[in-house]
Amino acid sequence: SDHQSSYGAFAGAWVGEVSRAGVFDALFARRTFGATVRAALWAEWAGVAMGEAAALPAGAPEFVVEVDAFGRALALVEVIRDGVVAVEQRIEDGATAARVVLPLPWPEQGSSWAYARVTCADGELMWSSPVRLYASGSWPGPDGPDGAAVKARVGDVWGLDTDPLREKMRARDE
């Protein structure tokens, strides 16, 4: 890591199932976050989850951040939109977990991306994967291929045969 505040860095992925296949699915879907400490972070813009790209949804133009700093006091939640801090909220009460809802207007034309940056009181940081939204009439498709599209185009680059693994897990759970 190059963040200077500690000697390690952490990455997290929100998985649909606790398995190797579930982890790879989460990585392909970019449901990931980074942190300089152990933490959990989730972000979404109008219901579109971090890592996703979508045309403008029907929901309210709000950016939701859910964070658990595992005992560290939170100080600041920021939403960076197109490279600039768009909105922020200070966390005053020494809370170590929070759900913050911030207004974030739609892109008027083209696309716009946004992600959450969370700062703890001791200076440690967390970042979510970005969400990309497209204005009406400008939807060119998702931000790059998803996992299924990559596998269809170039094959299973990691040599994983996840279908038998999923079948074994389902059989075990039944």
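The values are calculated or read from the model by the stated rules, or taken from the named source; none is laboratory data. Since the structure is predicted, the reported quantities are computational estimates derived from the model, not experimental observations. Quick reminder, even Gly has a Cβ in these numbers, built from the backbone with ideal geometry, and neighbours come from all protein chains shown. The accessibility values were calculated without ligands, DNA or RNA, using every heavy atom of the protein model including side chains. Shrake-Rupley method; radii C 1.70, N 1.55, O 1.52, S 1.80 Å.
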Check: Counting just the residues of the range 49-63 that are among the aliphatic types (A, V, I, L, M) and in a loop (DSSP other than H, G, I, E, B), which one comes out nearest to the chain's Cα centre (by Cα)?
Finding: MET50
Margin query: Going through ILE91, ILE80 one at a time, which residue ends up being of a type in the set (Val, Ile, Thr) and more than 27 Å from GLY16 (Cα to Cα)?
Written below: ILE91
Next item on the list: Output the residue which, of all residues in the range 96-122 that are buried (at least 16 other Cβ atoms within 10 Å of the Cβ) and small (Gly, Ala, Ser), is farthest from ALA40 (Cα to Cα).
Entry: SER111
Item checked: Yes/no for VAL18 being out of contact with any His (no Cβ under 9 Å at 6 or more places or on another chain), among the β-branched types (Val, Ile, Thr), open to solvent by 20 Å² or more (accessible area, probe 1.4 Å) and not in a loop (DSSP other than H, G, I, E, B) -> no
Check: Could you count how many residues in the range 92-105 are part of a loop (DSSP other than H, G, I, E, B) and modelled with pLDDT of 95 or more?
Finding: 2
Item checked: Neighbours by Cβ (under 8 Å, 6+ apart or cross-chain): first from the range 97-118, at positive phi; second not hydroxyl-bearing (Ser, Thr, Tyr) -> GLY110/ALA135
